[in-house]
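Student: Sharing a structure below in structure tokens format, with a few things to ask.
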Amino acid sequence: MNRLAQMVGWVVALLLLAAVAINFSNVFARYLLDSPFSWGDEAMGFLQVGLVVIGAALVTRRNAHLRMDALEQLMPPAVKRWLDIFTCLLTIVVAVVVVVMSLRIAAGMFENDTRSVALEIPLGIPYAAFPLGFGLMALFALLRLIALLRQRQK
């Protein structure tokens, strides 16, 4: 799974580089050539959504989501472990629900040939970031759950 996380990291890095390149090019075209790209803002919006949703899978893998852990510090190890198991289960359930719902939405956009305004690309393409990102979140949470269940209780 380290290789998968590394590949996801590369995808996120490429999305970020593409967004920076489009932004820089658009600034250059707008202020120096007085001719900005009509599609630049739309493309950057799609890239930013992809960055956040797919990047959140890496946050899930590292178990680094924001949380209130003041009480957790006071809990005995066994309670912490069961709380972590419950959190993994809840993450998996929510992520799978989002995958199913977002797949339906993206598929409907492909079926209806719904296209973006400026780029005129099928909207199912940027919307595919949601089932991809949340599917990866579910997978990484499942792997964490399996590791937790294999650990011997202290």
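Student: Using per-residue counts of other Cβ atoms within 10 Å, averaged over each peptide, order 15-25, 110-120 from highest down.
Tutor: Working: 15-25: 14.5, 110-120: 12.4.
Sorting 15-25, 110-120 by mean packing, highest first, produces 15-25, 110-120.
Student: Now for a different question. Can you pull the three principal axis extents for the Cα set of region 2-150, in Å, largest first?
Tutor: 63, 37, 29
Student: FRET efficiency for SER35 and GLU111, Cβ-Cβ distance as r, R0 = 25 Å, nearest 0.05? Mind dumping the intermediate values first?
Tutor: Details: r = 36 Å, r/R0 = 1.44.
For SER35 and GLU111, the calculated efficiency is 0.10.
Student: Additional query: Going by amide H atoms built from the backbone, whose H comes under 5 Å of the H on ARG115, apart from near neighbours?
Tutor: Those qualifying (amide H under 5 Å, at least 5 residues apart or on another chain) are LEU123.
Student: Given charges of +1 on the Cβ of Lys and Arg and -1 on the Cβ of Asp and Glu, with all other atoms neutral, how large is the dipole of the chain about its Cα centre, in debye to the nearest 20?
Tutor: Values: 13 positive and 9 negative charges, 221 e Å.
Around 1060 debye, computed over the chain.
Student: Between VAL94 and ALA147, with labels modelled 7 Å along Cα→Cβ, what's the label distance in nm to one decimal, could you check?
Tutor: 2.0 nm
Student: Once you list every other residue whose beta carbon is under 9 Å from the beta carbon of LEU148, what net charge do they have if Lys and Arg are +1 and Asp and Glu are -1? Write out the running numbers ahead of the final one.
Tutor: Details: positive: ARG81, ARG144, ARG150; negative: ASP84.
Neighbourhood net charge equals +2.
Values quoted throughout were computed directly from the atomic coordinates according to the rules given, and no laboratory measurement underlies them. Not measured: the values here are computed from a predicted model. Glycine gets a Cβ as well: all are built from the backbone with ideal geometry, and neighbour counts include every protein chain shown.
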